[in-house]
1. Using Cα atoms only, what is the angle between the long axis of helix 20-33 and the major principal axis of the chain, expressed in degrees (0 to 90) to the nearest 10?
2. Label point 7 Å out from residue 21 along Cα-to-Cβ: which residues of the stretch 43-63 have amide N under 17 Å?
3. Of [x] 70; [y] 198; [z] 103, which is the value of volume of the Cα convex hull per residue in Å³ derived from the coordinates here?
4. On a 0 to 90 degree scale, rounded to 10, what angle separates helix 64-73 from the longest Cα axis of the chain?
5. Just need the relative contact order of the chain here, percent rounded to a whole number, with Cα pairs under 8 Å and 6+ apart.
6. If Lys and Arg each add +1 and Asp and Glu each add -1, what is the summed charge of the other residues whose beta carbon sits under 15 Å from the beta carbon of residue 17?
7. With label points built 7 Å along Cα→Cβ from the Cα atoms of residue 28 and residue 63, find their separation and express it in nm.
Amino acid sequence: MKYSLNLAHLYGDLLNTYGDIGNILALRYYAKQMDTDLKVDIISLNQEFNPEKYDIAFFGGGQDYEQMIVSKDI
């Protein structure tokens, strides 16, 4: 049986200062090794986030300006 995981990368287009895409690439690699599908959705400003849809919610760090923008959306 093939498993699947759904990951929400919250504000991935804004909060990505520390190379967070590398974390997702690592998750993809290990998921593939375990014969698991990993579906990643980037959830950004003014987009609805339904936590029931996801197995993992992830967000990274950002510069002060981007953090201020995101803080108004949360």
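Only the coordinates and a few stated rules stand behind these numbers; no lab work does. As the structure is a computational prediction, the values presented were derived from the model and not from experiment. Backbone-built Cβ (ideal geometry, glycine too); neighbour counts: all protein chains shown.
1. 10 degrees
2. Residues passing the 17 Å test: 43-44, 59-63.
3. Given [x] 70; [y] 198; [z] 103, the calculated one carries the label [x].
4. Between helix and principal axis, roughly 80 degrees.
5. Details: 101 pairs, mean separation 37.8, N = 74.
Once normalised by length, the contact order is 51 percent.
6. Values: positive: none; negative: 13, 20, 64, 66.
Cβ neighbours under 15 Å give a net charge of -4.
7. The two pseudo-label positions are separated by 2.5 nm.
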